[in-house]
1. If the chain between Glu195 and Asp9 were fully stretched, how many nm would it gain, using 0.36 nm times the residue separation less the Cα-Cα distance?
2. By the gyration tensor of its Cα atoms, with a ≥ b ≥ c the square roots of the eigenvalues, what is the shape of region 19-75: rounded for a/c under 1.5, prolate for a/b over b/c, or oblate?
3. By the scheme Lys and Arg +1, Asp and Glu -1, what is the net charge of all other residues having a beta-carbon under 11 Å from that of Val185?
4. By average Cβ neighbour count within 10 Å, what is the ranking of 269-282, 250-263 from highest down?
5. Can you compute 3J(HN,Hα) from phi for each residue in region 255-260, using the Karplus curve 6.51 cos²θ - 1.76 cosθ + 1.60 with θ = phi - 60°, rounded to whole Hz and x for Gly and Pro?
6. Ala261 versus Ala102, label points 7 Å from Cα toward the beta carbon: distance in nm?
7. Among 41-52, 311-322, how do they line up by average Cβ neighbours within 10 Å per residue, starting with the highest?
8. Viscosity 1.306 mPa s, temperature 10 °C: Stokes-Einstein D of region 231-335 from its Kirkwood Cα radius, in µm² per second?
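The values are calculated or read from the model by the stated rules, or taken from the named source; none is laboratory data. These figures come from a predicted structure and were not determined experimentally. Neighbour counts run over all protein chains shown; Cβ positions are idealised from the backbone, glycine included. Ligands, DNA and RNA are excluded from the accessible area calculation, which covers all protein heavy atoms including side chains. Shrake-Rupley method; radii C 1.70, N 1.55, O 1.52, S 1.80 Å.
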Amino acid sequence: MLERVLNGDRRALARLLTLIENDDPQAAALLRGLYPHTGRAHLIGVTGAPGTGKSTLVTALAKAYRADGHTVGIIAVDPTSPFSGGAILGDRVRMRDLSGDAGVFIRSMATRGSLGGLARTTCDAARALDAAGYAVIIIETVGAGQNEVEIARLAQTTLVVEAPGLGDDVQAIKAGILEIADVLVVNKADRPGVENTVRALRAMLELGHPAAREQIADALHHRAAANGAPAPDSSTWIPPIVQTVAAEGKGIEDVVAAVAAHRQFVREYGLSARLERRQIELEVMSRLRDRLLARLLTALPADALDGLVEQVQTRTLDPGTAVERLLMQIETPIR
Ligand SMILES: Nc1nc2c(ncn2[C@@H]2O[C@H](COP(=O)(O)OP(=O)(O)OP(=O)(O)O)[C@@H](O)[C@H]2O)c(=O)[nH]1
Ligand SMILES: [Mg+2]
């Protein structure tokens, strides 16, 4: 199966993705074998509020990359619920233009209720596509929750998609989603109010550099210091704002150019290795946390929480002490 995935066998790849999604032990073994063959694809994250046109944009981007001769893998993440089959179906319909193209592989992933596991599952799925040889991998997620931020961290370039007339132009900004943007796409530029959206985003960018930018600036500063020169002002990546009408394929080449410019910037300043290192650190820690938590929880008796919750509710116990009591019940060593 490993060989078949590496050779780009679509059925083997689909099967592997199912194993990954189901957290099957076989997936771990296969991923171990695939790992040395990963790290070649360019991962692009696409996120934003529901209905901003992400899937339409992803489809248009995939077509553009195909026209340039690149193979494209698409992962549409649906974190909402196991009952949102409709949304997934919608994506399939929207992306049907791409079906029949052997150079494109599309997969929808759902959480199946495993909170926190979604980022890991998506990461593994992206690795599978990477090992299977897809040159560009696009990951679409909805919204601005912790899951999306974590998923965006997997990507080398993250696009945040906004659209005019969603009622509240600063909605996404409040959720902190701008901090993860490498490229800001204002889609539905054919709609009224597009200038307001662009203006609001520009004002936000001018308010200062969010955390992610500081990290890059920090890396640049170290590099400049090593060369005995102060860091140049042009060395901070400011996310460009690109307007598109994804439904009509307008502005797509500008998005492709912005993604390429971001990639070039990251390479030019020697940031790729640094950012990857940081991503790996976060991933290993997050996997460790998940595993430790799962192990500790299985060590607890099934009814351990019930009595304690009642005591906390009746104010005979405080939550901190309740946790101490739970810890005392975990006798199994961690390993
Ligand atoms: N007017 C206009 N409509 C667009 C444009 N791009 C997409 N749409 C429409 O907007 C609707 C939502 O598009 P999707 O691509 O499904 O949006 P999405 O962000 O993927 O939606 P979710 O995945 O459900 O969050 C569809 O009816 C699209 O046809 C655009 O540039 N202009
Ligand atoms: Mg979508």
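1. The span from Glu195 to Asp9 would gain 62.4 nm if fully extended.
2. oblate
3. Every neighbour counted, the sum reads -1.
4. 250-263, 269-282
5. For region 255-260, the Karplus curve yields 5, 4, 5, 5, 5, 5 Hz.
6. So the label points at Ala261 and Ala102 sit 3.7 nm apart.
7. Per-residue mean Cβ counts within 10 Å order the peptides as 41-52, 311-322.
8. 83 µm²/s
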